[in-house]
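To start, the structure itself, in structure tokens.
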Amino acid sequence: MTADPRVKDVGEIRTEHLFDMVVDLNPRLPFGSGPFGRRVLFGAAGGTFDGPGLHGDVLPGGGDWALFDPDGTMALDVRLTLRTHDGALLHMTYGGRWVTPPEVREALANPDERLRIDPADYYFRTNPLFETGAEPYAWLNGTVCVGSGYLVEGGIAYKVCRVL
């Protein structure tokens, strides 16, 4: 098969570090198994984000309305409110996937072992988007990001990069 002549080389996709974020979590709220899978709410209790030129707090009240497939894959549906160091509010949303191979599922379910698992042993990626009316951060409204997640004591953490 020959390549479609309309396909163009658009160059490499480049990213730059936006911030690291830690989200403290409330105890999970299981909705049970429904028509689309097993739904669980991981409510945000607070947290922080910090990066070059962008830092502040994760406000309580958001969370991840996660959906688990029968194979253990988690589809993320996250909504968070961030408050920058200078008081601006950022609405952050993201989907993503957390795919855990069968050989690490038992350890992830064990509170004594889960933090010892190398994040390279699972696939946890997100696609953050932002919305704000704060003029100094309006550039975020047109920015697409990618993130990589991992477990931390009391919650979850992410390295978030903006796509250039």
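Laboratory data are not the source of any read-out in this text; all were calculated from the coordinates shown. The structure presented is a predicted model; accordingly, all values stated were derived computationally and were not measured. Glycine gets a Cβ as well: all are built from the backbone with ideal geometry, and neighbour counts include every protein chain shown.
Placing unit charges on each Cβ (+1 for Lys and Arg, -1 for Asp and Glu) gives segment 15-163 a dipole about its Cα centre, and among L67, G34, T48 the Cα reaching farthest toward its positive end belongs to G34. Say a site is exposed when it is one of the GluC sites (Glu not before Pro), sits in a DSSP loop, and has at most 11 other Cβ atoms within 10 Å; what is then the longest site-free stretch of the chain? My reading of the result: 13-152 is the longest stretch.
Just want to confirm a number: the relative contact order over segment 15-163, from Cα pairs under 8 angstrom separated by 6+ residues, in percent. Kindly include the intermediate steps, with their values, before the conclusion.
Values: 374 pairs, mean separation 32.2, N = 149.
Relative contact order of segment 15-163: 22 percent.
Given contacts defined as C-alpha pairs under 8 Å and at least six residues apart, what's the relative contact order of segment 86-162, whole-number percent? Please report the intermediate quantities before stating the final value.
Working: 118 pairs, mean separation 22.2, N = 77.
Dividing the mean separation by the residue count of segment 86-162 yields 29 percent.
Its alpha carbons give the chain an Rg and a Dmax of 17.5, 56 Å.
The chain: longest stretch without exposed trypsin sites (Lys or Arg not before Pro) (DSSP loop, at most 10 other Cβ within 10 Å), sites themselves excluded?
Details: sites that count: R6, K8, R14.
It works out to 15-164.
A Förster radius of 25 Å, combined with the Cβ-Cβ distance separating L115 from S33, puts the computed FRET efficiency at roughly 0.35.
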